[in-house]
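Structure first, commentary second.
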Amino acid sequence: MSRGRGTIARAWSRYRKNPGAMIALGFLVLLGLVALFAEAIMPHDPNKQDLVNAFQKPSGDHWLGTDDLGRDMASRLISASRVSLRISFQVVGSALLFAIPIGLIAGYFGGKIDNFLMRIMDGLMSFPALILALAVAGILGPGITNAALALTVVFVPSFSRLMRGQTLAVRQETFVEASHSIGTPSRRIIVRHVLPNAISPVVVQTSLALGGALLAEAGLSFLGLGVQPPDASWGSMLRRSYDFIFTEAWMMLIPGLAIALTVLSFNTVGDGLRDALGIAGVSRRERKERRGLTTVVRGANGNGDATAAAAAASPTPTLPPPVLTEAIRERNAKRTDESIDASRPLLSVEGLEVSFQTPRGLLKVVEDVNFAIFPGETLGLVGESGSGKTVTSLSIMRLLPSPPARVTAGRVMLEGRDVLSLSFREVRELRGPTMAMIFQDPMTSLNPAFTIGNQIGEAVRWHEPINRKQATKRAAELLDLVGIPTTRLGAYPHELSGGMRQRAMIAIALACNPKLLICDEPTTALDVTIQAQILELMKSLRDELGMAMLFVTHDLGVVADICDRVAVMYAGQIVEQAEATALFHNPQHPYTEGLLKAMPQDTKPGEALYVIPGRVPSPGEHDIGCRFANRCAYAKVECGQQPIALGTADDEAHLSRCIRVHELTLGKAP
Amino acid sequence: MLTMIARRLLVLIPLLLVVSFAIFGLVVLVPGDAAITLAGGPDATPERIEQVRQELGLDDPFLVQYGRWLKGAVQFDFGNSLQSSAPVTEEIRDRLPVTLSVVGAALFVAMLIAIPAGIMAGLRPGGILDRLALIGSSIGISVPGFWMAMILITVFAIQRSWFPAIGYVPFGEDPVEWAKHLVLPGLALGALASASQTRQLRGALLDVLDSNYIRTGWAKGGAPRWVIGKHALKNAAIPAVTVLGLQTGALLGSGVIIEQIFSIPGLGTYLVRAIQSQDLPVIQGVTVLFVLMNVTINLLVDITYGYLNPKVRVS
């Protein structure tokens with residue numbers, strides 16, 4: 001019970017903050033009072049005729065003028081408001097009276113009852129709304145009661161459907177199933193559990209329907225089927241003014257305005273309720289400027305000492321020298337069409353800082369990230385979820401959506417150009433031929449409305465001057481390359497398995513033979529058996545095409561398999577960077593040691609799996625010093641006192657962000 | 001695709017049965033002795049009452065009456081008008097093109113406004129155009145169409161005579177006049193329909209632009225005209241088209257009032273006249289036709305939906 005009241009209180013406090021909705025509610029309350037106390041407010045008898053004073057313009061006595069029979073318009077408007085509002089409430093109220101039980105019964109019991117009831121509702125819904133009301137009202141004869149009855153029939157089906165849908169959803173909740181299984185009578189479950197939980201959308205819909213009913217009543221009255229003279233509703237007043245449209249056009253303004261404002265208020269209240277009750281709908285969103293290009297505002301987060309101290313701690317980012325293994329050399333040899341300088345980084349990320357706009361202000365999620373990728377090299381970016389790996393990789397492509405994201409410091413140098421300083425056009429030309437990306441979720445990364453052949457082919461066509469036919473040919477070659485039969489060119493994404501879709505994504509990324517391929521957890525969303533296949537495919541394609549790779553993953557096993565060098569991220573920073581073999585055999589940061597210990601491959605049967613205690617701090621949660629300190633077995637007081645820079649550990653190719661690195665002996669075994 | 005259409009048509013059969021039963025059942029709602037009421041009330045001559053009773057077969061059991069009516073209805077025979085004694089079907093045939101013209105004009109206007117407005121608003125949420133579109137659509141949803149029609153007549157037909165205030169000219173007679181007569185009704189009906197259409201398109205576009213496959217589009221190095229123009233719009237059209245189907249139902253209904261205001265001799269004015277004289281066969285016949293139009297439009301919407309969303313074609 002208290003839960004229900006809490007919900008209402010919370011909804012109300014949210015609703016109160018919406019000025020538009022509050023104004024609308026105020027207007028409706030005022031209107032309600034006017035309708036209730038119409039007799040006291042009306043300056044004249046609304047039905048008293050005064051033919052001498054017909055068609056008077058507004059004056060002190062008749063402040064909205066008089067109509068064709070000399071009746072006071074203001075008084076008629078007030079008395080009509082009572083009629084119009086009463087019918088709206090009556091129609092929606094009686095519709096709910098029918099619809100709630102129908103919806104509850106259909107949704108709760110399902111089966112034949114559901115089928116029967118819903119077929120009837122479908123039938124009623126296939127009538128154009130007003131036509132059904134017209135037919136019923138027409139047969140019953142004109143009059144206010146008949147009009148209300150006719151309109152009720154119109155509103156029952158949509159409410160029933162809504163109620164049924166809600167009931168179905170709530171019914172499948174665990175607590176309702178549990179209640180059912182311990183033998184609680186259905187009626188009790190419906191009244192105690194289903195109804196309160198299903199009612200929110202109905203409340204919203206009620207507000208919208210009140211406006212709809214008002215409009216519909218006005219329509220019926222306009223056609224002469226609703227209120228009969230001398231009584232008036234706003235609709236019948238409009239009808240009357242229509243007769244004098246050529247001579248006294250002003251007469252139609254006020255009743256029309258009354259209808260429009262009232263319906264607008266009902267709708268605004270409904271929208272406000274929807275937002276307040278947290279029901280998804282088409283709602284306002286923050287302003288978005290540029291699609292497909294992350295905003296860069298360097299220095300936007302230069303707030304005070306912390307940043308300055310961090311900058312002081314790492315004056316010039318130390319980038320380890322290239323490691324030219326045989327494998328990398330072989331890969332570079334594959335790229336015959338370009339001259340490769342293996343000693344210069346293809347990509348270098350320098351002091352990258354990314355912040356998110358939140359209600360609490362700008363929040364740094366990635367900070368002081370430095371690394372380089374040399375031609376042909378594969379760098380693994382490892383860390384738990386929330387460590388900033390994906391944000392970093394998307395920043396390189398400038399694909400993080402702005403807002404909320406923006407780059408607040410640093411450079412991303414790709415072939416000597418700072419991607420963060422380029423225009424949309426320039427970045428667009430890099431995406432595809434120079435850098436390409438494969439995403440985590442193949443199920444949603446392909447457009448469901450186009451064939452994969454189309455989506456692969458266009459990736460080529462957007463960069464190279466080839467025609468449709470040639471594009472299809474290239475798409476076929478690419479499909480073949482990633483191991484999909486070329487007969488599947490015309491397949492839509494939903495016709496392919498997850499693994500196949502990821503292969504198609506790889507084909508898209510490789511379409512323009514990129515120099516750098518960024519892979520953001522490309523196997524995480526796939527079955528384990530498929531993971532191995534995709535990984536194997538990516539490895540062989542890399543060696544065949546010779547591109548450099550940034551491989552983002554949380555799986556150290558994958559890293560060992562595919563990467564030349566590894567950077568470990570923790571809470572938005574790189575904490576260790578080294579050649580893959582060095583990192584595995586000789587970790588130089590306590591966090592890396594913890595990750596290695598937690599690898600299931602190294603756990604003996606019967607032994608408990610190692611888990612690093614605690615959890616990753618959220619952005620903005622961590623202190624000035626080492627972010628891992630509160631989970632670290634080796635932490636001392638000074639670890640938390642100052643920002644710690646990424647410095648060299650045992651050799652210049654091995655970096656660690658730990659001030660105790662030279663005193664500790666770390667390793668896999670405890 | 002063909003199986004999908006066939007399946008949709010099959011589902012329609014029970015639906016139309018329910019509908020036909022409801023429509024025929026209207027006769028039960030006739031107050032008092034149906035024969036007397038339909039013949040024109042207590043003042044009607046006994047001969048006239050007897051004639052109506054015979055013509056509608058009101059003495060037979062209800063189900064027999066329904067069976068007979070349904071048999072006629074499936075052959076588009078709804079009997080004769082009690083008013084003019086002419087076959088209802090013939091009278092409908094004369095008026096159907098008129099109503100289709102009005103509804104078509106309204107849909108045209110609605111699309112003409114909603115597509116650019118919805119796209120502009122969806123591309124720059126929070127921007128000036130977006131705010132204008134939101135305000136405009138809020139007003140559009142709240143304003144009664146017939147009031148809008150009266151204002152249009154006052155401004156564009158009476159104050160300055162750009163367009164005729166009332167009437168209708170068949171297309172075959174004079175296409176230019178036909179179009180001119182449809183401008184104001186089309187605007188009155190279509191401007192309001194465009195309001196919710198604009199909102200729908202905006203919302204759908206916002207959701208689609210946030211989706212992963214649009215990110216893929218940017219990652220491929222797509223320009224806005226490809227990523228938004230090709231990828232986003234096709235997907236954003238799916239919910240917009242669905243709402244279009246629902247909208248058309250409302251459009252057919254409010255069209256009745258609009259026809260009345262502009263004195264357009266379509267099905268709407270025919271229905272209103274029949275209602276005023278309680279001409280049961282006409283009310284039934286026209287209602288059936290309106291339902292059929294609504295159902296047909298929704299079927300067309302489903303087919304479009306199948307084109308836009310390949311997933312629907314198979315499942």
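The values are calculated or read from the model by the stated rules, or taken from the named source; none is laboratory data. Source: prediction; values computed, not measured. Here the Cβ positions follow ideal geometry from the backbone for every residue, glycine too, while neighbour counts run over all protein chains shown. Accessible surface is based on the protein model in full, side chains and every heavy atom, while ligands, DNA and RNA are left aside. Shrake-Rupley method; radii C 1.70, N 1.55, O 1.52, S 1.80 Å.
Compare the peptides B:37-48, A:149-160, A:195-206 by average per-residue count of other Cβ atoms within 10 angstrom and give them in order, highest first. Don't jump to the answer; show the numbers that get you there.
Working: B:37-48: 14.4, A:149-160: 23.6, A:195-206: 18.9.
Packing proxy ranking, top to bottom: A:149-160, A:195-206, B:37-48.
Using a 10 Å cut-off on Cβ to Cβ distances, tally the other chain neighbours for every residue of B:107-116 and report the average as a whole number.
Values: counts 0, 0, 0, 0, 0, 0, 0, 0, 0, 0.
Per residue, the number of nearby Cβ atoms from other chains is 0 on average.
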* Structure fact -> The extension gain from A:Ser421 to A:Lys636, computed as 0.36 nm times the residue separation minus the Cα-Cα distance, is 73.3 nm
* To do: May I have the extent of the alpha carbons of region A:318-422 along their three principal axes, as whole Å values ordered from largest to smallest?
  => 51, 31, 23
* Asked: For peptide B:250-257, how many partner chain Cβ atoms fall within 10 Å of a residue's Cβ, on average?
  -> 6
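For peptide B:220-232, compute the average count of partner chain beta-carbon atoms within 10 Å of each residue's beta-carbon. Could you put the intermediate results ahead of the total?
Working: counts 16, 17, 8, 6, 5, 0, 3, 5, 2, 0, 5, 5, 2.
The mean count of partner-chain Cβ atoms within 10 Å per residue comes to 6.
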* Structure fact -> Ordered by number, the residues of region A:233-252 that have at least 30 Å² less accessible area in the complete protein assembly than on their own chain alone (1.4 Å probe) are A:Leu238, A:Tyr242, A:Ile245, A:Phe246, A:Met252
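For chain B, return all DSSP H helices satisfying: extent of Cα atoms along own axis at least 24 Å; mean Kyte-Doolittle hydropathy at least 1.6.
TM-like helix candidates: B:2-29.
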* Structure fact -> At q = 0.27 Å⁻¹, the log10 of I(q)/I(0) for region B:37-114 from a Debye sum over equal Cα scatterers comes to -1.21
* Hey, if you put +1 on the Cβ of every Lys and Arg and -1 on every Asp and Glu Cβ in the protein assembly as shown, which of A:Ile530, A:Met569, A:Val83 ends up farthest toward the positive end of that dipole? -> A:Met569
* Asked: Cross-link list A:Lys469/B:Lys234; A:Lys364/B:Lys220; A:Lys515/B:Lys230; A:Lys389/A:Lys604; A:Lys515/A:Lys539: which exceed 19 angstrom alpha carbon to alpha carbon?
  -> A:Lys469/B:Lys234; A:Lys364/B:Lys220; A:Lys515/B:Lys230; A:Lys389/A:Lys604
* Structure fact -> Given backbone amide H placed at 1.01 Å from N, residues whose amide H is under 5 Å from that of A:Leu399, ignoring those fewer than 5 places away on the same chain, are A:Thr294
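Placing +1 at every Lys and Arg Cβ and -1 at every Asp and Glu Cβ, with all other atoms neutral, what dipole size does region A:418-472 have around its Cα centre, in debye to the nearest 20?
260 debye
For the pairing of chain A with chain B, what total accessible surface becomes buried, with a 1.4 angstrom probe, in square angstrom to the nearest 100?
Working: alone 32710 and 16840 Å², together 42810 Å².
Accessible area lost upon association: around 6700 Å².
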* Asked: Arranged from highest to lowest average of other beta-carbon atoms within 10 Å per residue, in what order do the peptides A:438-448, B:166-176, B:289-299, A:209-219 appear?
  -> A:209-219, A:438-448, B:289-299, B:166-176
* Please give the length that would be gained between A:Thr648 and A:Leu324 if that part of the chain were fully extended, namely 0.36 nm times their separation in residues minus their C-alpha to C-alpha distance (nm, one decimal). => 114.7 nm
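If you wrap region A:1-69's Cα atoms in a convex hull and average its projection over all directions, what's the area in nm²? Intermediate results must be reported in sequence, preceding the final value.
Working: hull surface 30.3 nm².
Taking the Cα atoms of region A:1-69, their convex hull projects to 7.6 nm² on average.
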* Asked: Working out 0.36 nm times the residue gap between A:His180 and A:His585, then minus their Cα-Cα distance, what length gain in nm do you get to one decimal?
  -> 140.1 nm
* **Kirkwood-based shape ratio for region B:1-74, expressed as Rg/Rh from alpha carbons** => 1.19
* Asked: Which ³J(HN,Hα) values, rounded to whole Hz and listed in residue order, are derived for region A:38-50 from phi using the Karplus coefficients 6.51, -1.76 and 1.60 in 6.51 cos²θ - 1.76 cosθ + 1.60 with θ = phi - 60°, glycine and proline given as x?
  -> 3, 4, 6, 8, 4, x, 9, 5, x, 9, 7, 8, 8
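For an R0 of 45 angstrom, estimate the FRET efficiency from the Cβ-Cβ distance between B:Val28 and B:Asp210 and round to the nearest 0.05. Don't skip to the answer; put the middle values down first.
Numbers: r = 52 Å, r/R0 = 1.16.
My answer for the efficiency is 0.30.
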* Express the C-alpha Rg of region A:116-190 as a ratio against the empirical globular expectation 2.2 N^0.38 Å, rounded to two decimals. => 1.56
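From the mean inverse distance of alpha carbon pairs (Kirkwood) and the Cα radius of gyration, derive Rg over Rh for region A:426-465.
0.99
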* For A:Gln531, what charge total do you get from the other residues with a beta carbon under 13 Å from its beta carbon, if Lys and Arg give +1 and Asp and Glu give -1? -> -3
* Two-site FRET efficiency, A:Thr524 against A:Val29, from Cβ-Cβ distance with R₀ of 41 Å, rounded to 0.05 -> 0.15
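Given a Förster distance of 25 Å, report the FRET efficiency between A:Thr358 and A:Ala9 from their Cβ-Cβ distance, rounded to the nearest 0.05.
Details: r = 25 Å, r/R0 = 1.00.
For A:Thr358 and A:Ala9, the calculated efficiency is 0.50.
What value does the protein assembly as shown have for Rg/Rh, both radii from Cα atoms and Rh as Kirkwood defines it? Display every interim value, and only then the final one.
Details: Rg = 35.2 Å, Rh = 33.1 Å.
Taking Rg over the Kirkwood Rh, I get 1.07.
Going by a ≥ b ≥ c, the root eigenvalues of the Cα gyration tensor, does region A:545-632 fall in the rounded group (a/c under 1.5), the prolate group (a/b larger than b/c) or the oblate group?
Details: a/c = 2.02, a/b = 1.16, b/c = 1.75.
Oblate shape, in that a/c is at least 1.5 and b/c is the bigger or equal ratio.
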* For region B:281-297, list residues with backbone N below 17 Å from a point placed 7 Å from the Cα of B:Ile5 toward its Cβ? -> B:295-297
* Asked: What residues have an amide H closer than 5 Å to that of A:Val366, excluding those fewer than 5 places away on the same chain, when H is modeled at 1.01 Å from N in the peptide plane?
  -> A:Val354
* Asked: Along the charge dipole of the protein assembly as shown, Cβ charges K/R +1 and D/E -1, which of A:Ala476, B:Met293, A:Leu346 sits furthest on the positive end?
  -> A:Leu346
* Asked: log₁₀ I(q)/I(0) of chain B at q = 0.07, 0.10, 0.14 Å⁻¹, via Debye over equal Cα point scatterers, no solvent, to two decimals?
  -> -0.38, -0.72, -1.14
* Using helices alone, what [θ] at 222 nm do you get for the protein assembly as shown, with -39,500 (n - 2.57) per DSSP H run of 4 or more residues, divided over all residues and rounded to the nearest 500? -> -18000 deg cm²/dmol
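Can you send over the carbon and sulfur percentage of the accessible area for chain B, probe radius 1.4 Å, protein chains only? Please list the in-between numbers first.
Details: 9020 of 13470 Å².
Percent of accessible area from carbon and sulfur atoms in chain B: 67.
Taking the mean number of other Cβ atoms within 10 Å as a proxy for protection, how do you rank A:89-96, B:24-31 from highest to lowest?
Working: A:89-96: 20.4, B:24-31: 15.5.
Put in order of decreasing packing, that is A:89-96, B:24-31.
Once the mean 1/r over all distinct Cα pairs of region B:44-167 is inverted, what Kirkwood radius in angstroms do you read off? Don't skip to the answer; put the middle values down first.
Working: mean 1/r = 0.0508 Å⁻¹.
About 19.7 Å, per the Kirkwood formula over Cα pairs.
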* Structure fact -> Heavy-atom accessible area per residue of the protein assembly as shown, all protein chains kept, 1.4 Å probe, expressed in Å², is 43 Å²
* Taking the Cα centre of chain A as origin and charging only Cβ (+1 Lys, Arg; -1 Asp, Glu), how large is the dipole, in debye to the nearest 20? -> 1620 debye
* State log₁₀ I(q)/I(0) for region A:365-503 at q = 0.11, 0.17, 0.19 Å⁻¹ as given by the Debye formula over alpha-carbon point scatterers of equal weight, solvent excluded. => -0.52, -1.12, -1.25
* To do: Please name which of B:Gly25, B:Met4, B:Thr37 has its Cα lying farthest along the dipole of region B:1-62 towards the positive end, using unit charges on Cβ (Lys, Arg +1; Asp, Glu -1) and the Cα centre as origin.
  => B:Met4
* region A:1-58 - charge dipole about Cα centre, Lys and Arg +1 at Cβ, Asp and Glu -1, debye rounded to 20 -> 740 debye
